[in-house]
Each structure stands twice: as structure tokens, then as C-alpha cells.
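Peer 1: Below you'll find the structure I mean.
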Amino acid sequence: MIKEKITIILLYITKFCMRIIYFFIKIFTKQKNKITLLSRQSDSLSIDYILLKKELEKMDGIEIKVMCKKIPPSILGKIKYCFYLIKRMYHISTSKVCIVDGYNIEICVLKHKKNTKIIQIWHALGAIKKFGYQVIGKEEGSNKKIAQIMNMHSNYDCITCASDATKEIFSEAFNTDKNKIQILGMPRLDYILESGGEIDNKIKLLLDEYEFLKNKKTILYAPTFRKNTKMDLKELINSVDKEKYNLIIRLHPLDDSNVPEEFLIDNKYSTLDLIKFSDYVITDYSAIAFETAALNKQLYFFLYDWEQYVNTRGLNIDLFEVFKSSTTKNINEILKTIENNSYNYEELKKFREKYIETLDLNNTKRIINYVRECLEKNN
């Protein structure tokens, strides 16, 4: 309790200081024809930002600023990050449009200039597991008091998604009206679906570097992140017949569970690259299910901790109901379906049609067109 009280006091002080600093930044700066892309998901550009930036650079008279940086774990790193936040505040104040792909403190707690438009593209194509306001107060969710202090998911003018069904979920998760949520899709869909595009070049490089992958079909295991829990991979590893299949394990970036080196692929190949390359994808509650479905790949759900996860986090989609034939608590049932080549593609098709309406290679363009409209309204 004492620790929580100290945290709350520090957050109030941080919020107050940020608002004072930003007040003066706004007074002494002018908006430009500028678009700023902000993220704390990674220290480098995601494929979504790479594609958006590439298209934005084709627009005349536009200044583009990209600021991607995770909050460092160390105390010194966090202190330095505070000064970095001031730089971000300056760029927000001088931009007409800001694009974010997750929660950003400075976007949500500050009062922005009237003409500043904030677009939230999120970092997942959909949401099998609950998140945001859906899990406040739960074991895997945010503390309710802290979420209120930090104005969680406030100030968005537009939140993008890929389907009408996802609108319902995002409306709850972002605690916002459905009118703010637009079916524009995600740039990553253009990346994975384009035939002969950059991802196919990445796969060629992957096969050149890992030649043993050429000889057998590949199973990718990519589970979601579990808070305060280490993954037990022994059952999976021992069950897969390595004489017949390659096994690749790609954990969530925040997951530091132990994975034997022989099942790892260099991180320069993204999870999207691995999904495109693999023949079979096994996950659990991860949003990579949507990209897998978009590619019409065999998709399996290994839910060994289903009861516990439902209680601590909760789900938006009942996988046992939607994927009756490929959801199980037993890894051997999945491997048997793979071995017998008896996958139910009809279930996959229904899932794809319901949750991904933007399979037309125009996702990036739709978002850019929306950005263009925002700029034109501000001129």
C-alpha cells in the first residue's frame, strides 16, 4: 500500500510538471505542416511506421519526425527519458498530426493545441485477449487509480481497426465512442500480403542464412506475453518430431523465458516474416492470429492455461467456440491434426471474414488519405 501511495504521488507530480512545461512550449512554438510518429513499443521503427513514413515522404511540403524509444528499465535511463519526453512534447506542439501505436504518456495527459489531430493505429491487428479499460483492476491489467491519473487512452481523434467486429472490442478497450474508430486497416497487412514484395526478399535471406529450414516443413510457436510468468517449453519441444518438422520459437519481446538456441531465429527477421515463412503457426491469445489468418496459414491455439488466463485477463473471442477443430489444451492433438493434414480451413475463413475486412493492399493508403484530410482541415 505504501509503495502504491508513493507511486501515485510521484505520478501526480510528474503529470503536473509535464503540463507546466508543455504550457510554455505551446506558447512559444507554432504548428508546422508536420507529422510526428511516436512510439514506446520499440527503439526502432515497426513495419507499420516504415510503410507510413515511406508514403508520407511522397507528400509535398510535409515535415516528418519519428520518435521511437522504449522506457529504459534503469533509474538513470528513466531520468534521461524524462528529458527525451520534453523533446517529444516540443514535436507534438509543432505538429498538425501525431500518429501513435500504443499508450504514450505525453499524448494522453497533456492538453494539446486545438488543431492537433491524434491518430492511434495500435500495435495489433485485433484483440483476442482483453486489454486497456477491459482489464483495469485485473491481475494482468492496469491499476484503476493509476489509469485515471495518467488519463489512459485519452485525446485520440481517430483509432484505426480492420473490421466492424473489432470496433466493438476497441470501443470497450479504449473507452471511447465507436464513431472515433475507423476501418482503415494496418500497414502490416500490405507488407505480408504483397506478392514479390519486401517480405519475400526477407524470406530468401532467411533461407540463405538458415539453410536447414529448406528441408522440412516449419512449425512456428509464438505465444503471447504472460505477466510474471516464465514459459515452460519442454512439453512442446519434446512433442514435435524434429526429424519431420523444423520448430521455431518466437517469444514476445518482453518475455525472457529460456529458449534453446537451436529453436531461435535472429530478431532481424520479424514475427511477421516468420509467420509468412512458416507452414503452421501455433499461438495462444496473441494477436498474431490475425496476421496468420490473413495469410490463410494453418492456425492452432495451444491453451494449456485457459481457465487461469480467463480469470486473470479475460478474452474477447471464445477460441474453443470459434476454432473448435484447432483449439486445445493438449499439444499432441495439434500435432496429430498437422500430421493427418486434417485442418479445418472453413473455421479460418469465417474468422478472417469477420475480423479482417481490409485485405486489399490499400491499408497504408487509407491511413495516409485520412492524414491528408486532417492536414487539409487545418490549413
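Peer 1: Taking a virtual spin label 7 Å from the Cα of Asn115 along the C-beta vector, which residues in region 4-26 bring their backbone nitrogen under 14 Å of it?
Peer 2: In region 4-26, the label zone of Asn115 (backbone N under 14 Å from the point 7 Å along Cα→Cβ) covers no residue.
Peer 1: Please report the carbon-and-sulfur percent of the accessible area for the chain; probe 1.4 Å, protein heavy atoms only, DNA, RNA and ligands left out. Walk me through the numbers on the way to the answer.
Peer 2: Values: 9540 of 18630 Å².
Answer for the chain is 51 percent, counting heavy atoms of protein chains only.
Peer 1: Sticking with this one: Separation of region 168-206 and region 326-379 by C-alpha centroid, Å?
Peer 2: 8 Å
Peer 1: Counting only heavy atoms of the protein chains, get the accessible area per residue of the chain (1.4 Å probe) and round it to a whole Å² value. Walk me through the intermediate numbers first.
Peer 2: Values: 18630 Å² over 379 residues.
So the chain comes to 49 Å² accessible per residue, rounded to a whole number.
Peer 1: Could you calculate the contour length gain from Glu243 to Lys32, that is, 0.36 nm times the residue separation minus the distance between their Cα atoms, to one decimal place in nm?
Peer 2: Numbers: separation 211, 0.36 × 211 = 75.96 nm, distance 5.96 nm.
70.0 nm is the gain from fully extending Glu243 to Lys32.
Peer 1: Do any GluC sites (Glu not before Pro) in region 81-149 lie in a loop, going by DSSP, with at most 15 other beta-carbon atoms within 10 Å of their beta carbon, and if so which? Write down the numbers at each step before the final one.
Peer 2: Numbers: sites: Glu106, Glu139, Glu140; in loops: Glu139, Glu140.
Filter output for region 81-149: Glu139.
Peer 1: Under the 0.36 nm per residue contour assumption, what length would be gained going from the current alpha-carbon distance of Phe320 and Glu211 to full extension? The partial results should precede the final answer.
Peer 2: Values: separation 109, 0.36 × 109 = 39.24 nm, distance 3.67 nm.
Full extension of this stretch gives 35.6 nm more.
Peer 1: Compute the separation of the alpha-carbon centres of region 249-270 and region 25-91 and state it in Å as a whole number.
Peer 2: If you average the Cα positions of each part, the centres end up 28 Å apart.
Peer 1: Let me ask something else about it. Farthest toward the dipole's positive end in the chain, which of Val240, Ala222, Ala287, given Cβ charges of +1 (Lys, Arg) and -1 (Asp, Glu) about the Cα centre?
Peer 2: Ala287
Peer 1: For Lys230, tell me the accessible area in Å² from a 1.4 Å probe, rounded to the nearest 10.
Peer 2: Spelled out: Lys230, probe radius 1.4 Å, area about 130 Å².
Peer 1: Go through Val259, Gln182, Ile99 and say which Cα lies farthest out towards the positive end of the charge dipole of the chain; charges sit on Cβ, +1 for Lys and Arg, -1 for Asp and Glu.
Peer 2: Towards the positive end, the residue furthest out is Ile99.
Peer 1: While we're here: Have a look at Thr229, Thr283, Thr337 and tell me which one the Gaussian network model of the chain (Cα, springs below 10 Å) gives the largest fluctuation.
Peer 2: Most flexible of the set in this elastic network: Thr229.
Peer 1: Hey, another quick one. Among the chymotrypsin sites (Phe, Trp or Tyr not before Pro) within region 1-64, which fall in a DSSP loop and have no more than 11 other Cβ atoms within 10 Å of their own Cβ?
Peer 2: Answer by residue number: Phe28.
Peer 1: Something else now. In degrees from 0 to 90, rounded to the nearest 10, what is the angle of the helix 2-27 Cα long axis to the longest principal axis of the chain?
Peer 2: 60 degrees
Peer 1: In degrees between 0 and 90, to the nearest 10, how far off the longest principal axis of the chain does helix 345-355 point, with axes built from Cα atoms?
Peer 2: Tilt relative to the chain: about 10 degrees.
The values are calculated or read from the model by the stated rules, or taken from the named source; none is laboratory data. Keep in mind it's a predicted model, so treat the numbers as computed, not measured. A quick note on method: Cβ atoms are made from the backbone with ideal geometry, for glycine too, and the neighbour counts reach across all protein chains shown. These accessible areas exclude ligands, DNA and RNA; they are computed on the full protein's heavy atoms, side chains included. Shrake-Rupley method; radii C 1.70, N 1.55, O 1.52, S 1.80 Å.
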